[in-house]
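Heads up, the thing below is written out as structure tokens.
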Amino acid sequence: MNATHVLEKYEAMAAGYDRRWERYHAETFSRVARYLRDTHAPSILDVPCGTGELLRWLLPQAPGARIVGVDGSVAMLNVARQKWAGQTRVSFQHALADALPFSEKTFDWVFCCSSLHYFKQPERVLAECARVLKPTGRLLLLDWCRNPWHCRIINWWKVRYDPTHVQMYTTQELERLLRNTGWSVSHVERFRVSWMRGLRLWEMMEALATPINEREASG
């Protein structure tokens, strides 16, 4: 089962995770956090949150917001809780992305970063994100992108040799997945971050979407 492999992987790498991915986090999370500028966001969900590193960028952009992180890895959550001990606006819960422990219409924002390529049933995760968002809430989804030829090769290799990997999507596939699961997509953008020797070759994409309510769907 893919979820088991993913959890085992992150349990093992939790202690050194932030150090290993420091540059990647700085280059991706700084972009993600800019979406909170000039918006009212009293409640934010980060799922999966890993070690809670995204909060380092979200907290300054959303003063007063309540931020909840959810992850399936106990070891990653332990790092997150130690990191943010004493920060009263932050809390963490142990759960999987396709079974969120929250009531409907709880959050103003959901951030899902660098995880889509692990989900065997992304439709279930996206349904849960829509369920816990308020009617005016927004989803920011960021992940690896398969559009360029070299990322297609990487995806081909990882599908065959990495038991945690399901697939990388193209921007077209991501937009289609979101629309087919009941989202209105307002923005999809590609960008690159540092890879080997600091070269900006690793293709990323980000999508901003809002859930379509029943009235809009029937109309």
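Here region 1-149 is treated as an ellipsoid with the same Cα gyration tensor; its semi-axes, largest first and in whole Å, are 21, 18, 17.
Here the accessible area is traced with a 1.4 Å probe on the protein chains. For the chain, carbon and sulfur cover 51 percent of it.
Think of region 41-136 as a dipole: +1 on every Lys or Arg Cβ, -1 on every Asp or Glu Cβ, centred on the Cα centre; then among Gly52, Gln87, Phe119, Gln87 lies furthest on the positive end.
Note down the net charge around Gly72, summing +1 for each Lys or Arg and -1 for each Asp or Glu among other residues with Cβ under 12 Å from its Cβ.
Values: positive: Lys9; negative: Glu8, Glu11, Asp71, Asp98.
Local net charge: -3.
Helical runs assigned H by DSSP (4 residues or longer) give the chain a calculated mean residue ellipticity at 222 nm of -11000 deg cm²/dmol, each run adding -39500 (n - 2.57) before division by the residue total. Fully extending the segment from Arg200 to Arg81, taken as 0.36 nm per residue of separation minus the present Cα-Cα distance, adds 39.6 nm. Charges were assigned to the Cβ only: +1 to each Lys and Arg, -1 to each Asp and Glu. The resulting dipole of the chain about its Cα centre is roughly 460 debye. Going 7 Å from the Cα of Ile212 along its beta-carbon direction, which residues of region 169-196 have the amide nitrogen within less than 18 Å of the resulting point? Residues 172-188 qualify, since their backbone N sits under 18 Å from the label point.
Placing a pseudo-label 7 Å from each Cα along the Cα-to-Cβ vector at Glu11 and Arg23 gives an inter-label distance of 3.1 nm.
Name the shape class, rounded, prolate or oblate, that the alpha-carbon gyration tensor gives for region 62-219, where a ≥ b ≥ c are the square roots of its eigenvalues, rounded holds for a/c under 1.5, and otherwise prolate holds if a/b is larger than b/c and oblate otherwise. The partial results should precede the final answer.
Working: a/c = 1.74, a/b = 1.17, b/c = 1.48.
Oblate is the answer for region 62-219, as a/c is 1.5 or above yet b/c matches or exceeds a/b.
Of the chymotrypsin sites (Phe, Trp or Tyr not before Pro) found in region 163-200, the ones in coil according to DSSP and having at most 16 other Cβ atoms within 10 Å of their Cβ are Trp195.
Tally Lys/Arg at +1 and Asp/Glu at -1 over every other residue whose Cβ is under 15 Å from the Cβ of Arg56; what's the total?
Once positives and negatives cancel, what remains is +2.
Based on the alpha carbons, how large is the Rg to Rh ratio for region 151-204 when Rh follows Kirkwood? Kindly include the intermediate steps, with their values, before the conclusion.
Numbers: Rg = 13.6 Å, Rh = 13.0 Å.
With Rh from the inverse mean 1/r over Cα pairs, Rg/Rh is 1.05.
The distance separating the Cα centre of region 96-146 from that of region 1-44 comes to 14 Å. Scattering from region 85-153 was approximated by placing one identical point on each alpha carbon and applying the Debye formula without solvent; log10 I(q)/I(0) at 0.19 1/Å stands at -0.85.
Taking only the C-alpha atoms, wrap a convex hull around region 23-90 and report its volume per residue in Å³ as a whole number.
Numbers: hull volume 5.5 nm³, N = 68.
Dividing the Cα hull volume of region 23-90 by its residues yields 80 Å³.
Here the translational diffusion coefficient of region 65-104 follows from Stokes-Einstein with Rh set to the Kirkwood radius across Cα pairs; for 20 °C and 1.002 mPa s it amounts to 200 µm²/s. Basic side chains Lys and Arg get +1 at the Cβ, acidic Asp and Glu get -1 at the Cβ, and with that the dipole of region 100-187 about its Cα centre reaches some 140 debye. Per residue, the Cα convex hull of region 124-183 amounts to 90 Å³.
By the scheme Lys and Arg +1, Asp and Glu -1, what is the net charge of all other residues having a beta-carbon under 12 Å from that of Thr171?
Numbers: positive: Arg146, Arg176, Arg190; negative: Asp143, Glu173, Glu175, Glu189, Glu203, Glu206.
Surrounding charge for Thr171 is -3.
The values are calculated or read from the model by the stated rules, or taken from the named source; none is laboratory data. Here the structure is a predicted model, which is why all the values come from computation and not from measurement. A quick note on method: Cβ atoms are made from the backbone with ideal geometry, for glycine too, and the neighbour counts reach across all protein chains shown. Please note that ligands, DNA and RNA were not included when accessible areas were found on the heavy atoms of the full protein model with its side chains. Shrake-Rupley method; radii C 1.70, N 1.55, O 1.52, S 1.80 Å.
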